[in-house]
Amino acid sequence: MSRRSRRTAAAASDPSTGAPRCTVTVCRGCCCGTPKIPGLDHAAQLRGLRRALDGTATVRVTDCLDACEHANVVIVQPSAAGRTAGGRPVWLGLVNDTDATADITAWIEQGGPGLADPPGVLDLYGFTPSRRARGRVEG
């Protein structure tokens, strides 16, 4: 991750900046977004997220998050209001079908972490990453 993208990520998730929107980070590293996960059009998944969340959330792509056993990984970071309300970044793994992407989109449109409860099915996708992996995005 470049210095510029770290600053952008920090500004998008830091309540002191007043960032009004959630940030969705989509891993496209060594396993996520590759033929190692067959049966999914990874480019279409990313286009769909960007299209569905245009004006609602910032969607960004990152290199490997070192959570390959959970490929494809999507992280939903709360908006400033969501963070103030106690929301924290939510790591979702095995996001390998359009239904999961639609559930993530619907949740973010309702406010995302801290402001809206995720659809129950997203509990199946949630995982706790290693401290090192969290630091690559949240730190």
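The values are calculated or read from the model by the stated rules, or taken from the named source; none is laboratory data. Remember, it's a predicted structure, so these values are computed and weren't measured experimentally. Positions of Cβ are generated from backbone atoms using ideal geometry, with glycine treated the same way; all protein chains shown enter the neighbour counts.
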- Qualifying residues in the stretch 63-88 (those that are in contact (Cβ under 8 Å) with a residue 60 or more places away in the chain and under 15 Å from PRO20 (Cα atoms)) - the one surrounded by the fewest Cβ atoms within 10 Å (Cβ to Cβ): THR84
- Hits in the stretch 96-139 - residues which are of a type in the set (Ser, Thr, Tyr), modelled with pLDDT under 95 and closer than 21 Å to THR56 by Cβ: THR98, THR101
- Can you tell me which of ARG60, ARG132 is touching a helix residue (DSSP H, G or I) at 6+ places or on another chain (Cβ under 9 Å), touching a residue at least 40 places away in the same chain (Cβ under 8 Å) and not aliphatic (A, V, I, L, M)? ARG60
- Message: Here's a check for you: in the stretch 119-139, which residue that is under 12 Å from VAL95 (Cα atoms) and among the aliphatic types (A, V, I, L, M) is nearest to the chain's Cα centre (by Cα)?
- Response: LEU122
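Test ALA116 against the stated conditions and say whether it is surrounded by fewer than 21 Cβ atoms within 10 Å (Cβ to Cβ), part of a loop (DSSP other than H, G, I, E, B), over 13 Å from the mean Cα position of the chain (by Cα) and not acidic (Asp, Glu).
Taking the combined requirement at face value, the residue satisfies it.
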